[in-house]
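**Q** Below: one structure in structure tokens.
The values are calculated or read from the model by the stated rules, or taken from the named source; none is laboratory data. It should be emphasised that the depicted structure is a prediction, and the values quoted were computed from it without experimental measurement. Virtual Cβ from ideal backbone geometry, glycine too; neighbours counted across all protein chains shown.
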Amino acid sequence: MASLEETVVCARCGGASTVRHTHRGGSPAYSRSSRCEDCGDHVEMDAPDLPRDLRARFLERDGTWELTAAADLPSTVVRRIASALGLKLGEALARAKTGVLFQGTQEEVAELLSTLDCQSLVLRRAG
């Protein structure tokens, strides 16, 4: 799980409100909580997807991570990869040949690795 904090203007009183954005692998993938230091207003929410602008901020801060194949993958694993990523089998096979199956935030890649549950897959920082 990763988080970002920022201070914004409170919509209720105009004071300083601390907002925490939390990104985790599963569902919901994103949560936001805010608390105003002046009036005490508190809001929490969850969402199934991480907003694009925040995803870019996590990638900038933590780097891009990738799911790679440490060895030739059995066809059953390639099928599971295709299903998990919404790819056609040919696309998943092409990715498996290059060795890089998916790139994203550390949390996105870790969640995919956990879902696929395969010893031949590795989570690593890209580059």
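**Q** Name, by its number, the condition in (1) at pLDDT below 90; (2) closer than 19 Å to Ala126 by Cα that does not hold for Asp62.
**A** Every listed condition holds for Asp62 apart from (1).
**Q** Then there's this: Go through region 43-74 residue by residue and tally those that are assigned to a helix (DSSP H, G or I) and among the hydrophobic types (A, V, I, L, M, F, W, C).
**A** 4
**Q** Here's another thing I want to ask about it. Being closer than 20 Å to Leu121 by Cβ, part of a loop (DSSP other than H, G, I, E, B) and small (Gly, Ala, Ser) narrows it down to one residue among Gly40, Gly25, Gly14; which is it?
**A** Details: Gly40 fails: closer than 20 Å to Leu121 by Cβ; Gly14 fails: closer than 20 Å to Leu121 by Cβ.
Result of the check over Gly40, Gly25, Gly14: Gly25.
**Q** OK, next. Filter region 75-127 down to the residues that are among the polar types (S, T, N, Q) and part of a loop (DSSP other than H, G, I, E, B), then identify the one that is surrounded by the most Cβ atoms within 10 Å (Cβ to Cβ).
**A** This residue is Thr105.
**Q** Please indicate, with yes or no, whether at least one residue in region 28-47 is over 27 Å from Gly15 (Cα atoms) and surrounded by 16 or more Cβ atoms within 10 Å (Cβ to Cβ). So that I can check it myself, show each step before the final result.
**A** Restricting attention to region 28-47, the residues satisfying the condition of being over 27 Å from Gly15 (Cα atoms) are 28-29.
Remaining after also requiring surrounded by 16 or more Cβ atoms within 10 Å (Cβ to Cβ): 29.
Yes, the conditions are met somewhere in region 28-47.
**Q** Still on this model: List every residue pair whose Cβ atoms lie under 7 Å apart, where the two residues are 6 or more positions apart in sequence or sit on different chains, the first residue falls within region 112-127 and is more than 22 Å from Leu59 (Cα to Cα), and the second residue, located anywhere, is exposed (fewer than 13 other Cβ atoms within 10 Å of the Cβ).
**A** Pairs that qualify, where the first residue is more than 22 Å from Leu59 (Cα to Cα) and the partner is exposed (fewer than 13 other Cβ atoms within 10 Å of the Cβ), are Ser120/Ala70; Ser120/Ala71.
**Q** When the residues of region 78-100 are narrowed to those that are touching a residue at least 12 places away in the same chain (Cβ under 8 Å) and out of contact with any strand residue (DSSP E or B) (no Cβ under 8 Å at 6 or more places or on another chain), which ends up farthest from Arg125 (Cα to Cα)?
**A** Filtering region 78-100 for residues that are touching a residue at least 12 places away in the same chain (Cβ under 8 Å) and out of contact with any strand residue (DSSP E or B) (no Cβ under 8 Å at 6 or more places or on another chain), the one farthest from Arg125 (Cα to Cα) comes out as Arg79.
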